[in-house]
Amino acid sequence: MKKIIFSIAIMIISILILSSINNLEKNINEENALLQVNNEIQDNTLSGNNEEHKENNELEATEENRETSVFTSESIPQDVLQKMIGNSIPEKSKDKVNIDELSYLRITYWGFDEKSHVGEMVVNRKLDNDVLDIFKEVYEKKYPIEKMKLIDEYGANDEKSMADNNTSAFCYRVVANTNTLSNHSKGASIDINPLYNPYISGKTISPTNSKKYTDRSINEKGVIKKGDDLYNAFIKRGWTWGGEWKSKKDYQHFEKKI
Ligand SMILES: [Zn+2]
């Protein structure tokens, strides 16, 4: 009888042990499942954070672009004026130039390197808003301009500035090989990518290293064509293009009567 009781007791203990092991396993499984769910939640939160972070970066990038896009007009600053005198304002012509009629512009342009750059330009005050609007429009269309420095950086030597493909406007000077004062003297003309868009009059080509570009069928970055984005931006605001003059051609040159 004792043996039977003992056996039953062993069986009950065994059953209890087995069931507690089962429970333990179940618990472990449940805990694992819970852990997995937690991990998944954490993963989702992390990837959510990443997405949020990406959005922030994108926002920063656009803000950066907005910051680098500059279109301003102001009176000629003193340091710029110092550079201009003896260069784009020759000493002997100092009295003929009214500084108050000129504006100093800072312009963002789309470079040949497919990047934004901020250039400088001096134009007639009456045209400053027009010029800013034109360059805003061509910048948005990513029309390529290679350089935009004041001609004073070249000692106001037009040939040097043109040969370097530099875009510029004001310079108190006569039209090449004449005594006629150029429209550039009033800041009412702008020469754009001049190396690729030469001045041609008879056998004269300016700049002298631009012979290749006398062929106007050439399709290259910065070569101005009738009907392109640059041409349209000027023409619709009442400017004329030297590429449409009859006796001579000045493909780099846009001007407006003031
Ligand atoms: Zn010109």
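Out of the GluC sites (Glu not before Pro) in segment 80-126, which ones are loop residues according to DSSP with at most 14 other C-beta atoms within 10 Å?
Those that pass, being in a loop and sparsely packed, are GLU114.
List, in the order given, every pair from LYS83/LYS225; LYS211/LYS257; LYS149/LYS212; LYS94/LYS212; LYS92/LYS212; LYS92/LYS248 whose Cα-Cα distance in the structure shown is over 32 Å.
With Cα atoms farther than 32 Å apart: LYS83/LYS225; LYS94/LYS212; LYS92/LYS212.
Which loop-located trypsin sites (Lys or Arg not before Pro) does segment 223-258 contain, where loop means any DSSP state but H, G, I, E or B and the Cβ has at most 13 other Cβ atoms within 10 Å?
Here the sparse-neighbourhood loop sites are LYS226, LYS236, LYS246, LYS248, LYS257.
Given charges of +1 on the Cβ of Lys and Arg and -1 on the Cβ of Asp and Glu, with all other atoms neutral, how large is the dipole of segment 204-258 about its Cα centre, in debye to the nearest 20?
140
Which trypsin sites (Lys or Arg not before Pro) does segment 114-151 hold that lie in a coil by DSSP with at most 15 other beta carbons within 10 Å?
When the trypsin sites (Lys or Arg not before Pro) of segment 114-151 are filtered for loop state and at most 15 Cβ neighbours within 10 Å, LYS115, LYS141, LYS142, LYS149 remain.
How long are the three semi-axes of the equivalent ellipsoid for segment 68-255, computed from the Cα gyration tensor as the root of 5 times each eigenvalue, in whole Å, largest first?
They are 23, 21, 15 Å, listed largest first.
With each pseudo-label sitting 7 Å past Cα toward Cβ, what's the TRP245-VAL70 distance in nm, one decimal?
Result for the modelled spin labels: 3.3 nm.
Coordinate-derived values only; no laboratory data. Keep in mind it's a predicted model, so treat the numbers as computed, not measured. Virtual Cβ from ideal backbone geometry, glycine too; neighbours counted across all protein chains shown.
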